[in-house]
There are 2 protein chains.
Amino acid sequence: MATFKRIVLASRPKGEVVPENFRLEDVPVPALKDGEILIRNHYLSLDPYMRMRMEDVKSYAAPQPIGETMIGGTVGEVIESKNPKFTVGDKVQGMLGWSEMGVSDGVMLRKLDTTHIPLSAYLGAVGMPGMTAWYGLTQIMQPKEGETIVVSAASGAVGSVVGQLAKLRGCRAVGIAGGKEKCDYVVNELGFDACIDYKAGNLPADLAKATPNGIDAVFENVGGEGFDACLARMNPFGRIALCGLIAGYDGQPMPINNVRAFLTMRLTMRGFIVSEHMELWPQGLRELGTLVAAGRLKFRESIADGLASAPDAFIGLLKGRNFGKQLVKLA
Amino acid sequence: MATFKRIVLASRPKGEVVPENFRLEDVPVPALKDGEILIRNHYLSLDPYMRMRMEDVKSYAAPQPIGETMIGGTVGEVIESKNPKFTVGDKVQGMLGWSEMGVSDGVMLRKLDTTHIPLSAYLGAVGMPGMTAWYGLTQIMQPKEGETIVVSAASGAVGSVVGQLAKLRGCRAVGIAGGKEKCDYVVNELGFDACIDYKAGNLPADLAKATPNGIDAVFENVGGEGFDACLARMNPFGRIALCGLIAGYDGQPMPINNVRAFLTMRLTMRGFIVSEHMELWPQGLRELGTLVAAGRLKFRESIADGLASAPDAFIGLLKGRNFGKQLVKLA
């Protein structure tokens with residue numbers, strides 16, 4: 001019997017995620033029913049949101065069930081189809097999880113055109129991370145030309161797009177990232193105006209230097225001290241798109257200390273989940289796809305090899321060891 | 001030479017405000033120039049925002065200068081006029097400060113109709129506090145019928161209006177206040193559905209009981225633990241109007257610990273200053289004035305007697321010793 005490999009959640013993390021929270025399994029390739037499609041996944045996307053799904057707490061989504069395939073976005077190729085809308089060889093994007101293969105009824109499966117855009121980009125700049133950046137920037141931060149925006153985790157899949165889109169809109173874009181190599185990349189390759197290395201230990205002073213006119217909008221992926229440093233530099237009526245709090249995903253206390261800034265500067269902060277705003281995806285993906293195809297929106301990928309490497313790659317992502325979009329190559 | 005009394009800022013507070021931060025002075029009644037009006041103030045409004053003005057920090061307004069009349073809203077009567085738009089005997093509202101008299105050029109002076117609305121109400125429910133409540137509720141919280149709203153400092157000049165306006169819009173209104181007497185007033189007189197006494201020491205459990213369907217919108221005047229307790233009960237897409245942080249005005253650390261709720265529940269929080277939205281005042285004051293005149297919007301006043309009592313009354317306000325709108329009767 002033909003089988004494929006998948007990774008299930010074995011246990012919920014207590015603090016930091018460890019490899020033992022996952023289990024690699026062999027499962028039989030299922031027979032398709034009418035309307036179904038069998039997909040071989042080429043790439044799996046690893047994203048910080050998965051950390052929150054591993055917990056059993058009140059959140060925007062049901063927790064990842066124990067013993068089931070870990071949730072995750074995938075791109076791949078149709079290898080068998082009993083659905084008239086899909087043909088063997090079609091490149092598709094879906095949510096087939098940490099798995100070498102998957103079955104879909106076609107409803108949430110998107111056909112991809114890889115003529116000008118590489119397949120893996122549909123998990124990054126032209127996929128959910130890109131849309132997350134696009135949504136936060138255009139719908140929440142709404143920066144005007146000449147304004148200063150700051151984005152944390154600036155070299156990552158989301159942050160890198162936020163800053164580049166802001167530059168295209170005539171803003172001053174300042175990133176925060178960990179380490180000189182990432183910061184150099186953010187400035188020299190992505191074209192940000194400045195990038196602050198939070199590991200250098202001078203975040204508030206470095207941020208002040210990089211934002212001489214204050215900060216008009218923040219895209220926050222991390223939380224904690226870096227976020228408080230941004231709050232202290234906000235201009236009146238500043239906007240904050242709260243996308244992630246990766247600094248606190250293991251349960252570390254991560255308060256906002258500078259609450260007064262919200263009042264004195266009349267700030268607006270909004271937490272958001274991009275998948276709740278599907279009506280805007282066509283518009284956003286059109287912009288992102290056009291920019292990537294034209295080489296005007298750059299991205300970088302960290303690619304782990306083989307499904308078995310996914311847990312370590314995911315743990316590395318949570319610790320900031322990745323550089324750019326974290327993917328797992330499956331086929 | 002005729003004189004009147006005023007209170008100036010003598011020094012900036014270090015931590016808690018003390019009486020020595022103020023100085024009572026006698027000053028000569030000035031001769032009017034063309035276009036000016038002399039007003040005898042009947043009531044001075046004491047408001048928490050004054051505490052922030054006493055500090056010399058970056059904020060939405062210039063700090064209160066040392067040695068000058070403390071800022072403050074007043075209502076009174078024209079006693080001399082060299083301005084054709086104002087006549088002796090006119091009742092007026094202005095920002096003439098902690099002072100028995102004041103001179104105005106008429107620009108920021110509002111003539112008042114006291115036929116159906118008592119003069120002092122123009123410093124409360126039909127003045128800046130009422131507008132603050134109206135703005136936060138209608139523009140930021142935007143509650144729908146059947147939703148649950150929570151307001152802290154619920155028996156105060158602002159909070160009492162927030163809850164009553166929410167009830168008129170078909171919401172469940174829950175207050176937070178200090179002490180049984182205030183809570184009884186909030187429920188029995190103002191008509192809130194429930195009021196939690198934070199001094200009773202069971203805030204999170206009491207709040208859970210009072211908000212069985214969670215919280216859809218919060219009007220926050222206080223900050224600190226009560227605010228975190230609200231955040232833990234928020235429903236998806238909840239809105240927070242951040243109006244004040246009285247718990248931290250003396251420099252106490254007052255973090256938001258439950259930052260994650262903003263993300264998981266996709267909350268929106270906005271700090272605001274009602275005086276920056278003057279274009280909405282006519283609409284808001286029309287609703288507030290109509291309700292007060294009809295007896296459908298209730299309020300309560302704590303009235304200190306004489307200008308010399310203002311510093312103690314203000315310190316009491318910051319400690320929550322007032323009950324309802326804190327005024328000082330001047331004439």
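The values are calculated or read from the model by the stated rules, or taken from the named source; none is laboratory data. Small disclaimer: the values here were computed from a predicted structure and weren't measured. Don't worry about glycine lacking a Cβ; one is built from the backbone with ideal geometry, like all the others, and counts go over all protein chains shown.
Out of the residues in segment A:133-159 that are of a type in the set (S, T, N, Q) and within 21 Å of residue A:204 (Cα to Cα), state the one that is surrounded by the fewest Cβ atoms within 10 Å (Cβ to Cβ).
First, pick out the residues of segment A:133-159 that are of a type in the set (S, T, N, Q): A:138-139, A:142, A:148, A:152, A:155.
If we keep only those that are within 21 Å of residue A:204 (Cα to Cα) as well, we get A:148, A:152, A:155.
Details: A:148: 24, A:152: 29, A:155: 29.
The qualifying residue surrounded by the fewest Cβ atoms within 10 Å (Cβ to Cβ) is A:148.
Within segment B:78-113, how many residues turn out to be closer than 26 Å to residue A:260 by Cβ and surrounded by 21 or more Cβ atoms within 10 Å (Cβ to Cβ)? It would help to see each step written out before you state the result.
Step one: filter segment B:78-113 for residues closer than 26 Å to residue A:260 by Cβ, giving B:95, B:97-98.
Checking which are surrounded by 21 or more Cβ atoms within 10 Å (Cβ to Cβ) leaves us with B:98.
Total satisfying the criteria: 1.
Quick check on my filter: what residues within segment A:225-242 are under 23 Å from residue A:317 (Cα atoms), at the interface with another protein chain (Cβ under 10 Å from one of its Cβ atoms) and touching a Leu at 6+ places or on another chain (Cβ under 8 Å)?
Answer for segment A:225-242, where residues must be under 23 Å from residue A:317 (Cα atoms), at the interface with another protein chain (Cβ under 10 Å from one of its Cβ atoms) and touching a Leu at 6+ places or on another chain (Cβ under 8 Å): just A:242.
Being part of a loop (DSSP other than H, G, I, E, B), touching a residue at least 24 places away in the same chain (Cβ under 8 Å) and not hydrophobic (A, V, I, L, M, F, W, C) is the filter; apply it to segment B:300-331 and report the residue that is surrounded by the fewest Cβ atoms within 10 Å (Cβ to Cβ). Full working, then the answer.
Step one: list which residues in segment B:300-331 are part of a loop (DSSP other than H, G, I, E, B), which gives B:300, B:306, B:319-324, B:330-331.
Going one step further and asking which of them are touching a residue at least 24 places away in the same chain (Cβ under 8 Å), we end up with B:300, B:306, B:320, B:322-324, B:330-331.
Then drop every residue that is not not hydrophobic (A, V, I, L, M, F, W, C), which leaves B:300, B:306, B:320, B:322, B:324.
Numbers: B:300: 18, B:306: 12, B:320: 19, B:322: 23, B:324: 22.
Filtering segment B:300-331 for residues that are part of a loop (DSSP other than H, G, I, E, B), touching a residue at least 24 places away in the same chain (Cβ under 8 Å) and not hydrophobic (A, V, I, L, M, F, W, C), the one surrounded by the fewest Cβ atoms within 10 Å (Cβ to Cβ) comes out as B:306.
Could you grab me the full set of residues in segment B:119-169 that are among the β-branched types (Val, Ile, Thr), touching a Lys or Arg at 6+ places or on another chain (Cβ under 6 Å) and either closer than 22 Å to residue B:330 by Cβ or assigned to a strand (DSSP E or B) (or both)? Working first, answer last.
Residues of segment B:119-169 among the β-branched types (Val, Ile, Thr): B:126, B:132, B:138, B:140, B:148-151, B:158, B:161-162.
With the extra rule that they be touching a Lys or Arg at 6+ places or on another chain (Cβ under 6 Å), the set shrinks to B:140, B:148.
Hit for segment B:119-169 is B:148, nothing else.
Can you tell me which of (1) part of a strand (DSSP E or B); (2) assigned by TED's automatic domain parsing to the domain that holds residue B:22 is the one residue B:176 doesn't meet?
Residue B:176 satisfies all of (1) part of a strand (DSSP E or B); (2) assigned by TED's automatic domain parsing to the domain that holds residue B:22 except (2).
Exactly one of these conditions fails for residue B:183: (1) part of a helix (DSSP H, G or I); (2) closer than 25 Å to residue A:269 by Cβ. Give me its number.
(2)
Exactly one condition in (1) on the phi > 0 side of the Ramachandran plot; (2) buried (at least 20 other Cβ atoms within 10 Å of the Cβ) is not met by residue A:75; state its number.
Of (1) on the phi > 0 side of the Ramachandran plot; (2) buried (at least 20 other Cβ atoms within 10 Å of the Cβ), only one is false for residue A:75: (1).
So residue A:221 passes all but one of these: (1) of a type outside the set (A, V, I, L, M, F, W, C); (2) surrounded by fewer than 19 Cβ atoms within 10 Å (Cβ to Cβ); (3) within 14 Å of another protein chain (Cβ to nearest Cβ). Which condition number does it fail?
Of everything listed in (1) of a type outside the set (A, V, I, L, M, F, W, C); (2) surrounded by fewer than 19 Cβ atoms within 10 Å (Cβ to Cβ); (3) within 14 Å of another protein chain (Cβ to nearest Cβ), residue A:221 misses just condition (2).
Please enumerate the residues belonging to segment B:4-29 that are β-branched (Val, Ile, Thr) and under 28 Å from residue B:40 (Cβ atoms). Explain how you work it out, then say what you get.
Filtering segment B:4-29 down to residues β-branched (Val, Ile, Thr) leaves B:7-8, B:17-18, B:27, B:29.
Residues satisfying the conditions are B:7, B:8, B:17, B:27, B:29.
Could you figure out which of (1) in a strand (DSSP E or B); (2) out of contact with any Asp or Glu (no Cβ under 6 Å at 6 or more places or on another chain); (3) more than 14 Å from every other protein chain (Cβ to nearest Cβ) isn't true of residue A:196?
Only one criterion is unmet by residue A:196, namely (2).
Residues to consider are B:285, B:297, B:280; find the one that is under 21 Å from the mean Cα position of the chain (by Cα), in a loop (DSSP other than H, G, I, E, B) and either outside the structural domain of residue B:12 (by TED's automatic domain parsing) or crowded, with 19+ Cβ neighbours inside 10 Å (or both).
Values: B:285 fails: in a loop (DSSP other than H, G, I, E, B); B:280 fails: in a loop (DSSP other than H, G, I, E, B).
None of the other options fit; the residue is B:297.
Considering only segment B:247-267, state which residues are crowded, with 22+ Cβ neighbours inside 10 Å and either in contact with a Cys (Cβ under 7 Å, 6 or more places away or on another chain) or touching a residue at least 60 places away in the same chain (Cβ under 8 Å) (or both).
Once the filter is applied, which keeps residues that are crowded, with 22+ Cβ neighbours inside 10 Å and either in contact with a Cys (Cβ under 7 Å, 6 or more places away or on another chain) or touching a residue at least 60 places away in the same chain (Cβ under 8 Å) (or both), segment B:247-267 yields only B:249.
For residue A:247, state whether it is within 11 Å of another protein chain (Cβ to nearest Cβ), of a type outside the set (D, E, K, R) and closer than 30 Å to residue B:51 by Cβ. Can you show your working first?
Details: within 11 Å of another protein chain (Cβ to nearest Cβ): yes; of a type outside the set (D, E, K, R): yes; closer than 30 Å to residue B:51 by Cβ: no.
Here the answer is no, as residue A:247 does not meet what is asked.
Considering segment B:114-135 alone, what residues qualify as being aliphatic (A, V, I, L, M) and under 22 Å from residue B:98 (Cα atoms)? Before you say what the answer is, go through the steps one by one.
Filtering segment B:114-135 down to residues aliphatic (A, V, I, L, M) leaves B:117, B:119, B:121, B:123, B:125-126, B:128, B:131, B:133.
Those that are aliphatic (A, V, I, L, M) and under 22 Å from residue B:98 (Cα atoms): B:119, B:121, B:123, B:125, B:126, B:128, B:131.
Quick one: how many residues across segment B:26-47 are farther than 14 Å from residue B:331 by Cβ and in a strand (DSSP E or B)?
Result for segment B:26-47: 5.
How many residues are touching a strand residue (DSSP E or B) at 6+ places or on another chain (Cβ under 7 Å) and either over 20 Å from residue B:28 (Cβ atoms) or without any contact (Cβ under 8 Å) to a residue 24 or more places away in the chain (or both) if we restrict to segment B:96-115? Don't jump to the end; show me each part of the working.
In the first step, residues of segment B:96-115 are kept if they are touching a strand residue (DSSP E or B) at 6+ places or on another chain (Cβ under 7 Å); the result is B:96-104, B:106, B:108-112, B:114.
Next, only the ones that are either over 20 Å from residue B:28 (Cβ atoms) or without any contact (Cβ under 8 Å) to a residue 24 or more places away in the chain (or both) stay: B:106, B:108-112, B:114.
Residues in segment B:96-115 being touching a strand residue (DSSP E or B) at 6+ places or on another chain (Cβ under 7 Å) and either over 20 Å from residue B:28 (Cβ atoms) or without any contact (Cβ under 8 Å) to a residue 24 or more places away in the chain (or both): 7 in total.
If a residue has to be within 11 Å of chain A (Cβ to nearest Cβ) and charged (D, E, K, R) to count, how many in segment B:255-290 make the cut?
Total meeting the criteria: 4.
Determine whether segment A:309-325 contains at least one residue that is of a type in the set (S, T, N, Q), over 24 Å from residue A:148 (Cα atoms) and modelled with pLDDT under 95. So that I can check it myself, show each step before the final result.
Of segment A:309-325, the ones of a type in the set (S, T, N, Q) are A:309, A:322.
Of the ones still in play, those that are also over 24 Å from residue A:148 (Cα atoms) are A:309, A:322.
Right, trim to modelled with pLDDT under 95 and you get A:322.
Within segment A:309-325, one or more residues are of a type in the set (S, T, N, Q), over 24 Å from residue A:148 (Cα atoms) and modelled with pLDDT under 95.
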